[in-house]
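Asks: Structure incoming, see below.
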Amino acid sequence: MLYTNIIHRLDAKAESLASLRFQWQAALTRGLPATTLCSYASLWEENAVSLAREMSADNNQELGLHLHAFNCPRFHEKYHAADPGFWLLPRATQFAAIQEMVERFTAVFGHPPASIGGYIMDATLLRHLNETYPFIRTAITSCFEEGARMYQGNNRNWMLFSDGGPWAPHWPSRANALIPAKDAEEAVDIVALPHLNRDMMMALLSRDDLFASHPGNIVRARINQGKDCPYYFRFLDAWRRQAQHNGWSYLSFFISSPWLSAGHWISDHPEYTRDMYLDSLDWMRVHDDISVCTLSQFGEFFRQEVPPGTPHICHWRDELRQSKREFVWFITPHYRAAFDFGLGGTLVDFRPYAGRIDGDVGPETACQWNGSHPFVISAGLRGGYWNNGWSVEIEANGARAALHNDRVRCRVERDGDFWRVIADPQTVRLGDGTLTLRQTWILDQSPKIRVLREILSKGNINGPVHILDQFHGSIGTTEYPEDLRSIRLHTRPGAAEADLPPLRARLELCGEDSEASLTAPTLFKPRFTLALRTPLSTSKPVTVCLTTSPLTPN
Amino acid sequence: MPDDLPSDAKLICPACFARDVDPVMLRRDADNGEYYCAFCSYVANDKPAVVQFMRDLVQHKYGIDRPGF
């Protein structure tokens with residue numbers, strides 16, 4: 001089942017209210033539940049409150065709060081704050097503003113809010129909400145993969161960095177809201193949702209905010225043809241398919257009303273956005289495997305069915321260009337990983353969570369503006385997998401062949417508590433010979449990524465065959481190198497290890513009968529390499545594991 | 001000039017070029033001959049499509065017609 005939230009925002013301006021009425025009526029006439037989140041300024045605007053009261057009479061409507069629209073005279077006079085981004089305000093201002101909003105909401109509507117939305121809600125803010133306002137049980141807490149690439153694309157006008165977290169609903173850790181909690185004890189008791197669904201290929205290769213569950217963003221990307229956009233509906237269907245791998249899937253359809261209004265700063269044809277908006281609602285109605293619900297209804301489903309610690313997988317095809325390129329994303333409380341099967345299954349993004357490092361943002365924090373969880377691998381931000389990635393070569397007959405030179409398809413199979421990602425066989429030429437092998441990734445709740453390699457056939461291969469794994473890692477959240485001098489590299493029989501003090505994490509690459517080697521970073525090549533050379537026979541598959549663990553201080 | 005590059009020259013990804021990324025050579029699929037970039041999302045059915053994309057881009061960016069791409 002694909003659980004879908006239709007989400008609106010209550011704003012203060014008259015044209016926005018007219019568009020919100022259009023959105024509400026569109027959902028109402030189709031019998032679809034929706035959630036309207038009230039922004040700060042709207043709670044004191046008579047026309048806005050009047051519309052919200054009218055909407056609240058509709059049993060299919062949930063009203064909640066949205067941490068937005070602080071750039072208004074009331075807020076400036078009361079808090080003397082310059083930052084319009086709530087996530088960047090001083091903590092005391094955040095807490096006071098939320099209290100004011102909750103009290104006003106309760107006074108106006110006669111009940112407290114059960115759901116709330118924000119662009120970044122960090123761990124301290126979520127813990128505060130949970131302890132102070134336990135009736136708030138569901139929250140929009142982050143914008144998936146908004147970081148350095150988004151910043152480059154927005155003329156430096158949108159200061160939001162939240163790379164490296166979940167794309168799907170999760171239980172946030174009390175330590176860092178981007179990290180899924182491993183159990184109920186670690187979790188903040190609030191169901192955390194993404195602001196929008198994003199294209200899981202473009203999230204790695206480009207800006208993903210143009211390719212999202214948001215018709216206005218589609219028009220902004222100029223990939224619509226009038227009111228039609230076949231890509232957009234392929235994108236939506238891709239989220240339906242994810243339910244096959246996880247048992248459920250989630251779609252956030254959160255379009256604030258200015259995107260549907262004339263005069264939007266970038267959407268030059270609001271009529272196209274409106275038509276696509278209506279088509280989206282019709283798409284939701286015609287499929288039996290879509291359940292449209294309110295934020296709180298989804299939150300209660302999640303509480304019942306998805307315990308903390310549950311991993312999540314996404315198998316994504318190239319919906320934009322419809323090429324053969326495929327990606328697999330996987331997230332657990334231990335790490336987040338993305339594999340590019342356009343590069344033979346190369347690991348192109350990797351974030352170890354073992355150290356539970358701080359991710360709070362704001363003027364009193366160490367991170368300041370940067371809420372992104374650091375990567376150890378980001379092929380996109382560090383110039384390609386050849387700089388940052390886990391890639392594989394085969395060695396035989398005195399020759400080498402790279403598995404990342406070929407595109408392969410893959411399939412995802414679930415078997416109880418683990419998933420197999422099985423790549424199509426690859427045939428490589430090695431001198432005068434050829435060798436066909438297959439790679440299978442085993443992904444589960446553990447902190448290990450296991451990769452099985454098996455020879456399916458070989459011709460004119462004389463002598464031993466070896467697999468060469470190379471894990472090129474670094475630490476960062478942007479393109480630029482950071483200080484890697486604290487990193488310590490070790491080998492022991494069959495394993496290469498990296499201690500990463502800034503992440504409070506250790507990585508281990510180990511294999512069966514493997515020879516391990518290391519390469520230290522330099523200023524010109526600011527990356528470390530963990531390498532394994534592993535014998536591969538036709539008699540049985542060999543396994544190589546990448547393991548993350550907390551780094552214990554000496 | 002038409003013979004600026006030999007006919008079997010590797011093709012630079014025009015989308016990376018558009019973003020001012022240093023040359024990323026396109027790869028070609030073994031089974032359907034599709035060109036694709038290992039760095040970004042660029043895909044093309046055939047070589048003339050890549051050449052035309054690059055030619056149009058250079059014309060647009062720099063006002064130079066390069067029929068030999």
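The values are calculated or read from the model by the stated rules, or taken from the named source; none is laboratory data. On a predicted model such as this, the values are computed, not experimentally measured, just so you know. Note that each Cβ is placed from the backbone with ideal geometry, even for glycine, and that neighbours are counted across all protein chains shown. What goes into the accessible areas is simple: the full protein's heavy atoms, side chains included, and nothing from ligands, DNA or RNA. Shrake-Rupley method; radii C 1.70, N 1.55, O 1.52, S 1.80 Å.
Asks: Mind checking which lysines have their Cα closer than 26 Å to the Cα of A:K182? Skip sequence neighbours fewer than 8 apart in that chain.
Replies: A:K448
Asks: Ok, one more. Can you tell me the equivalent ellipsoid semi-axes for segment A:440-536? Use √(5λ) from the Cα gyration tensor, largest first, whole Å.
Replies: Values: eigenvalues 163, 51, 33 Å².
Each semi-axis is √(5λ); the values are 29, 16, 13 Å.
Asks: Between their Cα atoms, which of A:K324/A:K458; A:K458/A:K540; A:K324/A:K540 are more than 22 Å away from each other? Can you show the working numbers first?
Replies: Details: A:K324/A:K458 26 Å; A:K458/A:K540 14 Å; A:K324/A:K540 30 Å.
Violating the 22 Å Cα-Cα cut-off are A:K324/A:K458; A:K324/A:K540.
Asks: Separate question: In Å³ and rounded to a whole number, note down the convex hull volume per residue for the Cα atoms of chain A. Intermediate values should be presented prior to the final figure.
Replies: Details: hull volume 82.7 nm³, N = 554.
Output value, Cα hull per residue: 149 Å³.
Asks: Percentage of Cα-Cα pair distances in segment A:174-229 greater than 18 Å, rounded to whole percent? Before the final figure, lay out each step's value.
Replies: On the way: 784 of 1540 pairs.
For segment A:174-229, the share of Cα pairs beyond 18 Å comes to 51 percent.
Asks: Remind me, what semi-axes does segment A:43-129 give for its equivalent ellipsoid, largest first in whole Å, using sqrt of 5 times each Cα gyration tensor eigenvalue? Before the final figure, lay out each step's value.
Replies: Details: eigenvalues 108, 50, 23 Å².
Calculated on Cα positions only, the semi-axes equal 23, 16, 11 Å.
Asks: Shifting gears a bit: What aspartates and glutamates could a cross-link reach from A:K78, if we take a straight Cα to Cα line under 13 Å and drop same-chain neighbours fewer than 8 places away?
Replies: A:E100
Asks: Taking all protein chains together and a probe of 1.4 Å, list A:D349, B:D46 from the most accessible to the least accessible. Numbers along the way, then the final one.
Replies: On the way: A:D349 0, B:D46 70 Å².
Largest to smallest exposure gives the sequence B:D46, A:D349.
Asks: Here is a follow-up. Straight-line reach from B:K61: which aspartates and glutamates have a Cα under 12 Å away, not including same-chain ones fewer than 8 places off?
Replies: Cα-Cα hits under 12 Å: B:D20.
Asks: Still on this model: Once both axes come from the Cα atoms, what is the angle between helix A:14-29 and the longest principal axis of chain A, in degrees from 0 to 90, rounded to 10?
Replies: Tilt of helix A:14-29: around 70 degrees.
Asks: To the nearest 10 square angstrom, how much accessible area does B:Y62 have with a 1.4 angstrom probe?
Replies: 120 Å²
Asks: Against the longest alpha carbon principal axis of chain A, how many degrees, from 0 to 90 and to the nearest 10, is the axis of helix A:46-56 turned?
Replies: Between the helix axis and the principal axis of chain A, the angle is about 70 degrees.
Asks: Sticking with this structure for a sec: Within 10 Å, count the other beta carbons around each residue, average over each peptide in A:82-94, A:48-60, and list them highest first.
Replies: Numbers: A:82-94: 17.8, A:48-60: 15.8.
Averaged packing, sorted descending, gives the order A:82-94, A:48-60.
Asks: Ignoring everything but the protein chains, give the 1.4 Å probe accessible area of A:C229 in square angstrom, nearest 10.
Replies: Result for A:C229: roughly 10 Å² accessible.
Asks: Using a 1.4 Å probe and counting only protein heavy atoms, arrange A:S16, A:S539 so the residue with the most accessible area comes first. Write down the numbers at each step before the final one.
Replies: Numbers: A:S16 5, A:S539 100 Å².
Ranked list, largest accessible area first: A:S539, A:S16.
Asks: Right, next: Quick one: how many Å² of A:R409 are accessible to a 1.4 Å probe, rounded to 10?
Replies: Ignoring ligands and nucleic acids, A:R409 comes out at about 90 Å².
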